[in-house]
Amino acid sequence: MDPQERLFLETSWQAMEDAAYNKRALSGKAIGVFAGVMYGEYQLHGADELAKGHIIGANTSFSSIANRVSYFYNLSGPSIAVDTMCSSSLTALHLACESIKHGECEMAFAGGVN
């Protein structure tokens, strides 16, 4: 698993607990996930290992960062990863606010990882 994906999932769990929710309470709800992501170089570790004769599956997919959280909590809101370089986290937050404002979701996980 891409470390960015793992960190975003771990941090979403901390945010959920800090907001006094649990996984069961969020399941099936229209909750969005908006992840700002910038670097997708984890797959390069796979190339290094392949050069040494070891075959490993080191993949990077920005969409999997947001979608892993949506899948883990069984959320039904929008699940979006954005890459706008240095403004990715801010853009993710903006998109989350707009999604709530327009009724696409009732709450959201929003942030960035890199």
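Over the Cα atoms of the chain, how large are the radius of gyration and the largest Cα-Cα distance (Dmax), in Å?
For the chain, the Cα radius of gyration and maximum Cα-Cα distance read 15.2, 52 Å.
Please state the charge dipole magnitude for the chain, taken about the Cα centre, from unit charges on C-beta atoms (+1 on K and R, -1 on D and E), reported in debye and rounded to the nearest 20. Each step should come with its number before you reach the end.
Numbers: 7 positive and 12 negative charges, 62 e Å.
Dipole of the chain, to the nearest 20 debye: 300 debye.
Please list the non-local residues whose amide H lies under 5 Å from the amide H of residue 80, H modeled 1.01 Å from N, same-chain partners needing a gap of 5 or more.
Excluding prolines and chain starts, which carry no amide H, the hits are 33, 34, 35.
Using Cα atoms only, what is the angle between the long axis of helix 88-101 and the major principal axis of the chain, expressed in degrees (0 to 90) to the nearest 10?
On a 0 to 90 degree scale, this one is about 30.
Which aspartates and glutamates have a Cα less than 20 Å from the Cα of residue 29, not counting those fewer than 8 places away in the same chain?
Cα-Cα hits under 20 Å: 10, 17, 18, 98, 104, 106.
At 7 Å along Cα-to-Cβ for each site, give me the label-to-label distance between residue 15 and residue 71 in nm.
Result: 1.9 nm between the two label points.
Quick one: helix 3-18 against the long Cα principal axis of the chain, what's the angle to the nearest 10°, folded into 0 to 90?
Value to nearest ten degrees: 30.
If segment 1-43 were replaced by its equivalent ellipsoid, with semi-axes equal to the square roots of 5 times the Cα gyration tensor eigenvalues, what would those be, largest first, whole Å? Present the calculation step by step, with values, prior to reporting the outcome.
On the way: eigenvalues 113, 26, 16 Å².
Whole-Å semi-axes of the equivalent ellipsoid: 24, 11, 9.
Once the piece of chain linking residue 83 and residue 29 is laid out straight, how much longer is it, given 0.36 nm per residue of separation minus the C-alpha distance between them? The partial results should precede the final answer.
Values: separation 54, 0.36 × 54 = 19.44 nm, distance 2.58 nm.
Answer, rounded to one decimal: 16.9 nm.
If you line up the long axis of helix 62-73 against the longest principal axis of the chain, both from Cα atoms, how many degrees apart are they, to the nearest 10?
50
Take every DSSP beta bridge whose two residues both sit in the chain, then give the antiparallel share in percent to the nearest 5.
Values: 0 of 11 bridges.
Of all bridge pairs located within the chain, approximately 0 percent are antiparallel.
Applying a 10 Å radius around every beta-carbon, put 73-79, 13-19, 33-39 in order of their mean neighbour count, most first. Kindly include the intermediate steps, with their values, before the conclusion.
Values: 73-79: 19.6, 13-19: 11.9, 33-39: 24.4.
Order by mean packing, descending: 33-39, 73-79, 13-19.
A short reminder: the numbers here are calculations on the coordinates, not readings from a lab. For clarity, every value in this text was computed on a predicted model and none was experimentally measured. Don't worry about glycine lacking a Cβ; one is built from the backbone with ideal geometry, like all the others, and counts go over all protein chains shown.
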